[in-house]
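Here the structure comes first, spelled out in C-alpha cells, and everything after it is commentary.
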Amino acid sequence: MSQYDSKFYDFFTHPDSSELMAALARKYGFSGIVDMNQKINEVIILPDDFSIYRGVEIQAKSSRIREEIKKHRGSNLILLARGGEEDINRAAVESEGLDILLQPSEFNNVLAKAASDNSIAIGFNLGLLIRLRGDARVRELKNMRIILKHARKYKLEMILTSDSSSVYDLRSPREMVALSSLFGMTPCEAIDAMSATPKSILRRKSPNYIKEGIEIL
C-alpha cells in the first residue's frame, strides 16, 4: 500500500468558489479541506467521499488573542492563528483551544513547549514558497527550518497547507511533499502533516471526544 493512499486534507483555504476548490482538491487526491470563507448553512455540492470543514482565522492583537480563541473554544470550527512576532505567538500557544499556529516568524524552545502542552499543531504555509521570490523566499525557508527543528524536538503535530485562495493556488499532495523537502521535512513527516495530524484535529472536534485518551463510545 502506497503512502499516497492516505486520506489527505488541506486545512487552510479561502476560495472564491468552494465547489470549484472541492472538485479540484478531490481530483488531486484530497479527502477534505478547511474553508475559511464558508458561510453557515451555505449549500455546496461536493464530490463523492469529500468533506468541507469550517474554520476561523483568529486575527487580533496579542492582548486579545486568548479572548478570541475562548469565543470559539468547544465548537466544531477549526481554529487557526497566523503566526507573527513573539508576543503574538506566545499568546497563541498559551491559549487552550487553538488548533493550529501557522508559520510563526519567531519560534523557540519556550513557545514549542507551550504548544506541546496545549496540543497545538504547527502549520507550514507552502503558499509562501510558491508566491515569494528571491531573498524573501530564502528568509521563509530559513524560518521553516527553525520551526521544523523545534517541532521535532518537542514532537509537535505538524500541518502543511497551500493557503490557497483559488484553484490555481492548490497543489497536489505529491507536490506539497516535494515543496516541504526544500526546508528539510521528510516525505513521511509531510504525509503525516496532511493526513495523520488533520485527522487527529478532527477527532478532537468530535462531540464524543472529552480529552486525550477519553472518548464517549
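We did not get these values from a lab; they are worked out from the coordinates using the rules stated. Computed from a prediction, not measured in an experiment: that's the story for all the values here. Note that we place each Cβ from the backbone using ideal geometry, even for glycine, and neighbour counts take in every protein chain shown.
Measuring from label point to label point, each 7 Å out along Cα→Cβ, what is the Lys142 to Lys71 span in nm?
Result for the modelled spin labels: 3.6 nm.
Let me spell out the model: positive unit charges on the Cβ of Lys and Arg, negative unit charges on the Cβ of Asp and Glu, origin at the Cα centre of the chain. What dipole size does that give, in debye rounded to 20? Write out the running numbers ahead of the final one.
Numbers: 31 positive and 29 negative charges, 84 e Å.
Using only the charged Cβ atoms, the result is roughly 400 debye.
By the gyration tensor of its Cα atoms, with a ≥ b ≥ c the square roots of the eigenvalues, what is the shape of segment 7-112: rounded for a/c under 1.5, prolate for a/b over b/c, or oblate?
Prolate is the answer for segment 7-112, as a/c is 1.5 or above and a/b outweighs b/c.
Add -39500 (n - 2.57) for each DSSP H run of 4 or more in the chain, then divide by its residues: what number comes out at 222 nm, to the nearest 500 deg cm²/dmol?
-11500 deg cm²/dmol
Could you work out the local net charge near Ala178, counting Lys and Arg as +1, Asp and Glu as -1, over the other residues with Cβ closer than 14 Å to its Cβ?
0
Once amide H atoms are placed 1.01 Å from N in the peptide plane, what residues at a sequence separation of 5 or more from Asn125, or on another chain, have their amide H within under 5 Å of its amide H?
Gln103
Expressed as a rounded percentage, what relative contact order does the chain have, with Cα pairs under 8 Å and six or more residues apart?
RCO, the chain: 20 percent.
Using the Cα gyration tensor of segment 113-215, with a ≥ b ≥ c the square roots of its eigenvalues, what is the shape: rounded (a/c below 1.5), prolate (a/b larger than b/c) or oblate (neither)?
prolate
Rg (Å, one decimal) plus Dmax (Å, integer) for the alpha carbons of segment 16-65?
For segment 16-65, the Cα-based Rg and Dmax read 13.4, 43 Å.
For Val34, what residues show an amide H to amide H distance below 5 Å, using hydrogens built from the backbone and excluding near sequence neighbours?
Result for Val34 returns Asp10, Phe11, Phe12, Thr13, Tyr53.
Please work out the Cα center distance from segment 3-65 to segment 139-182, rounded to the nearest Å.
17
Could you give the length gained on full extension between Ser166 and Arg203, defined as 0.36 nm per residue of separation minus the Cα-Cα distance, in nm?
Length difference between fully extended and current span is 10.6 nm.
How long are the semi-axes of the equivalent ellipsoid of the chain, defined as square roots of 5 times the Cα gyration tensor eigenvalues? Whole Å, largest first.
They are 24, 22, 17 Å, listed from largest to smallest.
How far apart, in nm, are the 7 Å Cα→Cβ label points at Lys149 and Glu57?
2.9
Using a ≥ b ≥ c from the Cα gyration tensor of segment 122-166 (square roots of the eigenvalues), is it rounded, prolate or oblate, where a/c under 1.5 gives rounded and otherwise the larger of a/b and b/c decides, a/b for prolate?
oblate
Between their Cα atoms, which of Lys113/Lys199; Lys71/Lys153; Lys7/Lys61; Lys142/Lys205 are more than 26 Å away from each other?
Lys71/Lys153; Lys7/Lys61; Lys142/Lys205
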